[in-house]
1. Which trypsin sites (Lys or Arg not before Pro) does region A:58-100 hold that lie in a coil by DSSP with at most 16 other beta carbons within 10 Å?
2. Which residue, chosen from B:SER37, B:GLY101, B:PHE8, occupies the Cα position most advanced towards the positive end of the dipole of chain B, where the dipole is computed from +1 (Lys, Arg) and -1 (Asp, Glu) charges on Cβ about the Cα centre?
3. To make sure I understand, if each residue's beta carbon is the centre and we count other beta carbons within 10 Å, what order do A:MET19, B:MET75, A:MET98 fall in, fewest to most?
4. Can you give the charge dipole size of chain B about its Cα centre, rounded to the nearest 20 debye, using +1 on the beta carbon of Lys and Arg and -1 on the beta carbon of Asp and Glu?
5. Under a GNM of chain B (C-alpha, springs under 10 Å), which listed residue has the highest mean-square fluctuation: B:LEU49, B:LEU110, B:LEU21?
6. Decide, for chain A, between rounded, prolate and oblate: order the square roots of the alpha carbon gyration tensor eigenvalues as a ≥ b ≥ c, take rounded if a/c falls under 1.5, and otherwise choose prolate if a/b is larger than b/c, else oblate.
7. Per-residue mean of other chain beta-carbon atoms within 10 angstrom of the beta-carbon, peptide B:49-56?
8. Show me, for region B:62-78, the HN-Hα J-couplings you get by feeding each phi into the Karplus relation (A = 6.51, B = -1.76, C = 1.60, θ = phi - 60°), rounded to Hz, glycine and proline as x.
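Coordinate-derived values only; no laboratory data. Just so we're clear, the structure is a prediction, and the values are computed from it rather than from any experiment. Heads up, the Cβs are rebuilt from the backbone with ideal geometry, glycines too, and the neighbour counts pull from every protein chain shown.
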Amino acid sequence: MVPITYYLLLAAALFCMGMFGVLVRRNALVVFMCVELMLNAANLTFLSFARMRGDSIGHVSAFFVIAVAAAEAAIGLAIVIAVFRSRGSVLVEDIRTMKH
Amino acid sequence: MNIELILFGAFALLTLLSAGLVIFARSPINSAMALVSTFFFLAGIYVLLWAHTVAVVQVLVYAGAIMVLFLFVIMLLNLGESPTRGRPTLARLAGGAATVGLLAVLVITLLKLPQTTGGVPVEAQATFGTMASLGQVIFTQWLFPFEAVSLLLLVAMVGAVVVAKSRI
């Protein structure tokens, strides 16, 4: 039996790696991939607590997270395509119209 | 040293290595490939947690559908490698510091978690995590959220088409 704390520590490490990628990467596509990493860390936490408590609610939550991740990927990639078409770049540093 | 702990250690190590490759790979294609392998190893960890159904959905939906979408967009945009290796700006240093701080807080919190069952999971029923028991829960207790998520996916699909098409 592996203690649940190990799974939770792995989820924390994975979430922090995703957050680091979101904060430091310049390519918008890689930023989206790091958001997927963070969503997976959340899923891992849900499933760990479901296993600890022995009920299925965590599994249902993980399903919903996966569905929301699919919706987010579709919308986000469509926005990336639209931005690339109008500006010719997917670097987040080049998209600063709303800063001024 | 039992087999479950060894499997968990191997999957956890491979997951973290692949996640690091996602962050530090130079071309987006390599990042996407590393993300696919991350999802596979995470599916292995989900199986260790008795979440077989979620592991199958992870491989089918995440590693299959969503990553195909990512790869398709990367191919469509025809991006090369990043022109410059990122130099450490103030924003990046602040991001790294924030990440380390969050990790420290999370680890301290998790280590102080009340160990009600000695940190070892309870013995679940034999039907725990099977597709039949999950379907029973989803289609009775969680039917409305399930339908709401299907509506969300429909809206996202229509929205993606509207945003990405070149002209009406």
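1. Sites meeting the loop and neighbour criteria: A:ARG96.
2. My answer, from the dipole projection, is B:GLY101.
3. A:MET98, B:MET75, A:MET19
4. The dipole magnitude comes to about 740 debye.
5. So, out of B:LEU49, B:LEU110, B:LEU21, the one fluctuating most is B:LEU110.
6. prolate
7. Values: counts 13, 5, 11, 1, 4, 13, 1, 0.
Per residue, the average neighbour count from other chains is 6.
8. Karplus-based 3J(HN,Hα) across region B:62-78 equals 6, 5, x, 6, 5, 6, 4, 4, 4, 4, 4, 5, 4, 5, 5, 7, 6 Hz.
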